[in-house]
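Heads up: the structure comes next, in structure tokens.
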Amino acid sequence: MMLILSVTFFCLLFLAVPVGHVLMIASGVAVAASDFPPLLVIAQQMFAPTQSFPMLALPFFILAGSLMMSGELGQNLIDFATTLVQRYRGGLGSVSVVGSAVFGGVSGSAVADATALGSMLIPWQKKEGYPAGFTAANNAASAMIAVLIPPSIPLILYSLVSGESISALFFAGVLPGLMIVAVFVVVCNLSARMRDFPYRPTAFDWPRFRVLFRKALPALILPIMILVLLRFGVATPTEVSVLATLYALAMGVFVYRDMTLARFRSAIISAGVSTGVVMLVIMGSSAVGWLATYAQIPQSFAAWCVATLKEPWLIILAMNGIMLVVGMFIDLPAAILLLGPIFVPLAQTIGLDTLQLGLMMVLNLSIGLFTPPVGTTLFISSTIARVSIIQATRELIPFYGATLLILALFSYLPFLTLR
């Protein structure tokens with residue numbers, strides 16, 4: 001049964017069928033080709049995760065991001081990030097990095113981050129004299145920050161398959177997100193020095209900074225508000241997501257006063273479509289995960305790893321390798337939902353904290369966002385910059401090195417996983 005499922009899965013994936021449909025079709029074909037379990041069970045397994053109350057946090061966080069980023073707040077965040085780092089070497093490149101951090105605290109989506117920031121920053125950076133390939137690479141890699149800083153959609157999905165607390169995952173995701181920001185700023189600075197990128201040193205404009213900070217403050221408060229409410233148990237993740245949506249709506253209506261009925265309707269439609277795509281993947285992954293559990297794949301895989309590799313550090317290395325390869329071919333949400341049920345039992349077997357595993361998984365799979373052949377943010381950024389994928393990938397080499405360093409630290413230094 002699992003052989004039929006695997007062959008069907010990879011054949012459909014090769015034919016560029018959307019991942020959500022691939023998962024549903026593959027699980028259906030596998031069950032239909034076997035005597036047990038009945039096909040009705042697959043329908044039940046697909047339906048079950050849609051009835052999870054905590055999953056309501058997903059559409060509301062997506063809607064909050066859509067409401068916040070569709071108005072003038074987006075430009076305010078860019079101006080604020082520009083004021084912070086523009087005067088340094090590689091400052092124009094660092095705007096993408098810092099911008100991704102503040103955008104990620106609102107949107108929680110790497111694809112939304114890469115699209116929104118890239119469309120604004122890449123043409124500007126090219127006009128200022130930055131190589132087109134570097135601007136694409138910088139934007140594609142920086143977008144991964146959005147999936148680490150709360151509210152992170154991938155961390156919510158990992159909570160679904162692992163049972164870990166969403167609030168604990170959000171809190172733990174802050175440190176790797178900030179470390180990625182730091183190393184990417186260093187990459188931009190060193191690249192600018194070694195390749196003599198355009199540089200316009202200017203004095204820091206405190207009056208302008210205060211004005212921009214005040215304008216960007218509502219967006220900067222949102223991730224802090226989410227962490228505080230969750231950390232101190234004031235509200236559940238679902239309640240926080242609703243409060244975040246109401247907060248975003250209030251900012252548009254009363255603070256920025258740019259909320260229109262057309263914009264509100266557009267944000268709801270955009271959030272609905274995004275939620276539908278993710279839920280389709282969740283439903284398909286639930287069916288595949290149930291079949292894998294029924295066939296005892298996670299238990300068998302854990303036993304094989306322990307018997308063959310023996311050493312925990314070697315098993316962690318193998319897990320990282322598998323996740324890096326999978327992330328190159330499968331979208332991040334689907335990869336988390338597929339690998340989570342397999343790796344969580346293995347982590348428990350070797351004594352690896354499942355919270356630490358969650359950070360490892362999101363870091364690993366987010367690298368796939370800007371890695372060929374299916375790198376989503378890489379394709380988006382290359383299209384905006386009008387450069388080839390090969391040219392952008394060549395410029396990504398230092399960013400790969402920086403992210404792999406952070407991944408190694410969080411894989412083998414448990415104390416970095418904050419609780």
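The values are calculated or read from the model by the stated rules, or taken from the named source; none is laboratory data. Computed from a predicted structure; not experimentally measured. Backbone-built Cβ (ideal geometry, glycine too); neighbour counts: all protein chains shown. Areas reflect the complete protein model, heavy atoms only, side chains present, ligands, DNA and RNA absent. Shrake-Rupley method; radii C 1.70, N 1.55, O 1.52, S 1.80 Å.
Descriptive notes on the structure:
- Between the helical axis of 297-308 and the longest alpha-carbon principal axis of the chain there is an angle of about 80 degrees.
- Coarse-grained scattering of the chain at q = 0.08, 0.12, 0.14 Å⁻¹, given as base-10 log I(q)/I(0) from a Debye sum over alpha-carbon atoms: -0.43, -0.98, -1.31
- Taking the charge dipole of the chain about its Cα centre, with +1 at Lys and Arg Cβ atoms and -1 at Asp and Glu Cβ atoms, the residue from Thr417, Ile316, Val183 reaching farthest to the positive side is Val183.
- Largest accessible area first, the listed residues Tyr400, Tyr88, Tyr130 line up as Tyr88, Tyr400, Tyr130 when surface is computed with a 1.4 Å probe on the assembled protein chains.
- Separation of alpha-carbon centers, region 74-90 and region 325-385, rounded to whole Å: 29 Å
- Split the accessible area of the chain by element, probe 1.4 Å, and carbon with sulfur accounts for 71%.
- Projecting the Cα atoms of Trp304, Val17, Ser109 onto the charge dipole of the chain (Cβ charges, centred on the Cα centre) puts Ser109 farthest toward the positive pole.
- Computed over the Cα atoms of region 315-404, the ratio of the radius of gyration to the Kirkwood radius (Rg/Rh) comes to 1.04.
- Ellipsoid semi-axes in whole angstrom, largest first, where each is sqrt(5λ) of the Cα gyration tensor of region 211-298: 35, 19, 10
- Net charge over other residues, Cβ less than 15 angstrom from the Cβ of Pro54 (K, R count +1; D, E count -1): -2
- Simple spin-label estimate for Gln51 and Val277 gives 2.9 nm between the two label positions (7 Å along the Cα-to-Cβ direction from each Cα).
- Other residues with beta-carbon under 14 Å from the beta-carbon of Ile316 carry, at +1 per Lys or Arg and -1 per Asp or Glu, a net charge of -1.
- Divide the volume of the convex hull around the Cα atoms of region 1-145 by the residue count and you get 138 Å³ per residue.
- Shape class for region 164-225, computed from the alpha carbon gyration tensor (a ≥ b ≥ c): oblate, with a/c not under 1.5 and a/b at or below b/c.
- Aspartates and glutamates with Cα under 20 Å of Lys310, excluding same-chain neighbours fewer than 8 positions away: Asp353
- Per-residue ³J(HN,Hα) for region 262-276, Karplus 6.51 cos²θ - 1.76 cosθ + 1.60, θ = phi - 60°, Hz, x for Gly and Pro: 5, 5, 5, 5, 5, 5, 5, 5, 4, 5, x, 5, 4, 5, x
- Å² of accessible area per residue within region 146-234, as computed with a 1.4 Å probe and no ligands counted: 47 Å²
- Summed side-chain charge close to Phe209 - residues other than Phe209 whose Cβ falls under 13 Å, Lys, Arg +1, Asp, Glu -1: +3
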